[in-house]
Amino acid sequence: MSSAPSATAADLPKPKPHYNPEEHRMTIGEHLEELRKRLFLGVGGCMVAFVVFMIPSIGEHVVYYVCKPLFIALARNKVSIQIYFTDPAEVFMTYIKAAMISAVTIAGPWILYQLWLFVAAGLYPTERKYVTKYLPLSIILFVTGITFLYFYVLPLMLEFFIGFHIGMPMNLGKEFGFPQGGNGSPPIVFPIVDSDPVNPTPGSVWINATTGMLKMCISPGNLRVLPFGSESVTTPMITLATYFEMVIGLLLSFGLAFQLPLVVLALVRIGILEIETLKKMRRIVYFILTIIAAVIVPDVVTGMVALMIPLILLYEFGILLASWGPKNGQALKS
């Protein structure tokens, strides 16, 4: 009876090479040189994108699409579709800000890549593995948050706030002792057209039914929009800078709020909380998320519920992520 052949050295699994951090250690001068190189490449890419967005045909579209939810909300509330500015340089500075934010957004992956090349040199292989594993998910969650805000939450929120009026009577003649009723002069009737006339007569006034704007022709080829308010004594007068700052703040807030699954995952990985504890805290967390959604979007019927449900799902997704791997700090010890 022949014996089984013994395993040779070539058949045995090769041991993994030991990672020695001293072999990859850099001097302070080398770190500074590497940092200078990555900053130059990252900022250079951002500046190229900034120059592109400063082109009027591109930058104007960025400002328009940021303001588009506001225009939709104003039109639905039958208010003049205009946004105001109080400082002579306000429009130009907003244009610069829009170009800068767009440049950072477009060049963001390139900047993160350069930052990663600098930071990765000082990380252990296990740490690099976790960064490369969850960084794409973080970017996807951030983009999902700002997309969800722009296309759904922001229009609902703006429509609710602009349409919210204090219950004051519009006809104050009786309270001030002015005569009521009577056979006065007939009201002026403006023509309602689907589009602006091709060659309007100077001095003519009309209502564009498509845009809801009241327009007047000053001279041939010179049109003006006549602003008008709401049917209530309270009417919106929103400035460009104020609106732009609000939108940018909300975009960042939603992008960061959608990082909730990774926050839950980190709490479990570090060992601060256990998965069973997170499951037992569901009612408390749901209540807190409901309050957050109600503060951001007070429209209970649609807006608040539309924001509350994704936040709850993100919390559950974080628990699911934490349950897929090592728990309670084991990942950091390995």
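The values are calculated or read from the model by the stated rules, or taken from the named source; none is laboratory data. It should be emphasised that the depicted structure is a prediction, and the values quoted were computed from it without experimental measurement. So basically every Cβ, Gly included, is an ideal-geometry build from the backbone, and we count neighbours across all protein chains shown.
Residues that are of a type in the set (Asp, Glu) and touching a residue at least 24 places away in the same chain (Cβ under 8 Å): does the range 272-287 have at least one? The answer is yes; a qualifying residue exists. Taking the range 247-273 as the range and being farther than 10 Å from LEU149 by Cβ and assigned to a loop (DSSP other than H, G, I, E, B) as the test, the residues that pass are GLN259, GLY271, ILE272, LEU273. Only one entry in SER57, SER80 is out of contact with any helix residue (DSSP H, G or I) (no Cβ under 6 Å at 6 or more places or on another chain), among the small types (Gly, Ala, Ser) and surrounded by 12 or more Cβ atoms within 10 Å (Cβ to Cβ), namely SER80. Only one of the numbered conditions (1) surrounded by 14 or more Cβ atoms within 10 Å (Cβ to Cβ); (2) within 30 Å of VAL225 (Cβ to Cβ); (3) out of contact with any helix residue (DSSP H, G or I) (no Cβ under 7 Å at 6 or more places or on another chain) is violated by THR86, and that is (1). For GLU245, the criteria (1) buried (at least 17 other Cβ atoms within 10 Å of the Cβ); (2) under 23 Å from VAL79 (Cβ atoms); (3) out of contact with any strand residue (DSSP E or B) (no Cβ under 8 Å at 6 or more places or on another chain) hold in every case but one, which is (1).
Just one residue in the set LEU250, LEU260, LEU256 is surrounded by fewer than 15 Cβ atoms within 10 Å (Cβ to Cβ), in contact (Cβ under 8 Å) with a residue 40 or more places away in the chain and under 23 Å from the mean Cα position of the chain (by Cα); that residue is LEU256.
Exactly one residue out of LEU307, LEU314 is part of a helix (DSSP H, G or I) and modelled with pLDDT of 85 or more: that is LEU314.
Checked against the criterion of being under 20 Å from VAL263 (Cα atoms), surrounded by fewer than 13 Cβ atoms within 10 Å (Cβ to Cβ) and of a type outside the set (D, E, K, R), the range 150-159 has no qualifying residue. Only one entry in LEU137, LEU117 is assigned to a helix (DSSP H, G or I) and under 24 Å from the mean Cα position of the chain (by Cα), namely LEU137.
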